[in-house]
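A short reminder: the numbers here are calculations on the coordinates, not readings from a lab. Quick caveat: nothing in here was measured; it's all calculated off a predicted structure. Every residue, glycine among them, receives a Cβ derived from its backbone with ideal geometry; neighbour counts consider all protein chains shown.
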Amino acid sequence: MLLLKRRTPLMKKLTPEQEAFLEAEGKIVLCACPGSGKTFIVARKLLKYVENWEYAHRGVAVLSFTNVASQEIDKQTKELMPEGYRIEYPHFIGTIDSFIDSFILLRFGYLMQEGSRKRPVILHENYGEIRFYTKNKECHARGCISNPFEFHWSSDGKLLRNGKKVDCSITTKKPCVAFKQAMIKKGFVTQNEATALSYRLLKKYPQIVDAIVRRFPIVMIDEAQDTSKEQMEIIDLLTDAGVKTIILVGDPDQSIYEWRNATPEFFIAKVKDDNWKTMWLTSNFRSSQLICNATQVFSHSLASRQPSKAEGEFALYQQKPILLNYSNQTDKSDIINKFKELCQENGIEWTPSKVAVLTRGKIHKGIDIDGLWKSPEVESLAKASYEWYKGSRRKAFSLCEKVLYSLTIGDIGDIKHEIRQVIENIMPYENWRKHVVKLLVSLPDPNIKLSDWVKSMLSTITNIIQSAEDIYLIPAISLQDKIKIKLRDTKNPGFQSIPLRNYIEKRDENDITLSSVHGVKGETYDAIMLIIEGIKGNTLTPTMIDTAPLDSELIRIAYVAMTRPRKLLVVALPVMKNKKSFKRLPLDKWIYTQI
Ligand SMILES: Nc1ncnc2c1ncn2[C@@H]1O[C@H](COP(=O)(O)OP(=O)(O)OP(=O)(O)O)[C@@H](O)[C@H]1O
């Protein structure tokens, strides 16, 4: 018997709901409110299985939607175990995409190709490896040939472009269909169709489903509110094939990734399905009871239930949430200064880890330029500049490496996995590395205006490639065409004068955290201010806050923001002539104030 008992002092006392979940087996949906410790309880359940595990080659799979989320599960399980232990084979902790890629597509994808037993290559980004040649005018006019990465197969075998039917007037033998069929025959698949193709493999070869169910009799899926249709179809196949226990853990009120095809409807369907057992976690270990009481009205799933019960360190904290009305002359910095005062009154430190100011969209304005980057290379270099000066130097290195590769080597292939291998066939990796580092250290400063950055980038990369003796620009490539951005934008004529940094930065942590709501999903702060910026449009506005349906994504975005703080929640709203009070922000739960 392993582990847990040796660490008893670190153990938290479980709530009865958490205890019940630890014992539950079968088809389970766990609806967990914000701050209820979803990751913690998934980690606990995993350890409970591992402690008593008897099979050498069968395991538990714990899947999440993002790398960050699965790393968090890994981290929390490690914390519960004695030093040096970690969860390894036969178990699997990873993203749902990597699970599908590793156990279905990469292993059995050769069955889609005619007569070949080659493992498919999954392309993650298009650096020009996929080229779609066609003489058809309509394909050019519709921009299809310049965006071949947008085409993907659906689970019912249709070809889609960005999730929608390809509805051009070429009726027979669509060139895009022929092109994608040829890609499959050659074994090239893009990540956005990997799930659909895997589903089709499972449908055609039920033996694969049986093998997976045997290999992983227990499957737990965290953040399951973000499951796409195709992912749920795969989960259903595993369930029907008799997986012993399958657990979906999520909060349908926190599904905010519709643009990535994630909608909570598939999770909610399971909550309503009598064949599944629904369980709840309703204790909130993050926020005060006053915050839980005020935010319950924004939760669709808690609508007919009690507010979640605050049980954490700040459960009894006595600051009511604040509605801060600001007039349209008020500068954003004044709103933030007012928030600073409120934080001071509450003794909250004004630091990036304690305080966050959130907006619905990007943190910088005027940067929504359609088709800004004319090539993936220039976009990657822009990101690399930002990462090099402000973020992760490792990310910057990897971005520069991909760009240099695509400009000087550029073979079709899965860059992400094979880059080093290909380079070593051409030159010692050390020599290659020197070129990448030279590019890195000469990246232009992201604080300069966009047009200057592009000019400087073009001359930098031209110099680097020209002065190198062992790498050459691929003859068909023109650097002027690659290091290029849009020239005009009627809606934002001055867009080229905005600093490059503003186009890349999703989050600023200079003083406090400034971020979009998406950027703080899963995080906790002492104080949060959500700024509602407009009064019109299909975005978060004072009217929307009060009237948008609870199951709309806008309300879910507001809910995610409002459930981040431990102690102080402020919602800043622009003053509206005809709207003085809000039914979802009632006076008994909110303090109204103005600047
Ligand atoms: N029984 C318990 N006793 C004390 N603390 C607990 C208990 N269960 C969970 N926690 C703690 O509560 C906190 C919950 O925060 P966490 O961010 O993990 O919640 P979450 O469910 O992922 O929230 P959200 O979905 O809102 O991001 C964690 O620090 C976790 O360790």
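Which aspartates and glutamates have a Cα less than 14 Å from the Cα of K402, not counting those fewer than 8 places away in the same chain? Answer for K402, where 14 Å is the Cα cut-off: E125, E129, E377, E379, D411, D414, E418, listed by chain and number.
With respect to the cross-link table entries K12/K270; K203/K229; K383/K486; K449/K484; K395/K434, which display a Cα-Cα separation exceeding 24 Å? Exceeds cut-off: K12/K270.
Counting Lys and Arg as +1 and Asp and Glu as -1, what is the net charge of the other residues whose Cβ lies under 13 Å from the Cβ of T245?
Values: positive: K27, K45, K48, R58, K244, K277; negative: E23, E25.
Overall, the nearby charge balance is +4.
Put in order of Cβ neighbour count within 10 Å, fewest first, the listed residues T66, T77 become T66, T77. Placing +1 on each Lys and Arg Cβ and -1 on each Asp and Glu Cβ, with no other charges, gives the chain a dipole about its Cα centre of roughly 720 debye.
Please figure out what share of the DSSP beta bridges in the chain is antiparallel and state it in percent, rounded to the nearest 5.
Values: 11 of 61 bridges.
Here the share of antiparallel DSSP bridges comes out near 20 percent.
Residue order for D273, D97, D222, D253, fewest other beta carbons within 10 angstrom first, comes to D273, D97, D253, D222.
Segment 101-198 gives an Rg/Rh value of 0.96, both radii derived from C-alpha positions and Rh following Kirkwood.
About its Cα centre, what dipole magnitude does segment 328-477 give when the only charges are +1 on Lys and Arg Cβ and -1 on Asp and Glu Cβ, stated in debye to the nearest 20?
Numbers: 21 positive and 20 negative charges, 71 e Å.
Magnitude of the dipole: close to 340 debye.
In the chain, taking the dipole from charged Cβ atoms about the Cα centre, the farthest positive-side position among I234, N492, C144 is held by C144.
To the nearest 20 Debye, how big is the dipole of segment 192-231 about its Cα centre, given +1 on the beta carbon of each Lys and Arg and -1 on that of each Asp and Glu? Provide the component values of the computation, followed by the final result.
On the way: 6 positive and 6 negative charges, 72 e Å.
Magnitude of the dipole: close to 340 debye.
In order along segment 582-595, the phi-based Karplus estimate (6.51 cos²θ - 1.76 cosθ + 1.60, θ = phi - 60°) of 3J(HN,Hα) comes to 10, 6, 8, 10, x, 5, 6, 10, 10, 9, 8, 9, 9, 9 Hz; Gly and Pro are listed as x. Over the chain, calculate the relative contact order: mean separation of alpha carbon pairs under 8 Å at least 6 apart, over the residue count, as a percent. For the chain, the relative contact order is 18 percent.
Shown here: segment 167-325, whose C-alpha atoms stretch 66, 44, 26 Å along the first, second and third principal axes, sorted largest to smallest. Qualifying trypsin sites (Lys or Arg not before Pro) in segment 509-595, where qualification requires a DSSP coil assignment and no more than 13 other C-beta atoms within 10 Å, comprise K536, K577, K580, K583.
Please state the relative contact order of segment 120-278 as a whole percent: Cα pairs under 8 Å, 6+ residues apart?
Numbers: 180 pairs, mean separation 30.0, N = 159.
It rounds to 19 percent for segment 120-278.
Sort the chain into rounded, prolate or oblate with this rule: let a ≥ b ≥ c be the square roots of the eigenvalues of the Cα gyration tensor; rounded if a/c is under 1.5, and if a/c is not under 1.5, prolate when a/b is larger than b/c, oblate otherwise.
Working: a/c = 1.65, a/b = 1.16, b/c = 1.42.
It comes out oblate by the Cα gyration axes.
Considering only GluC sites (Glu not before Pro) in DSSP loops that have at most 14 other Cβ atoms within 10 Å, the longest stretch of the chain without any of them is 115-312.
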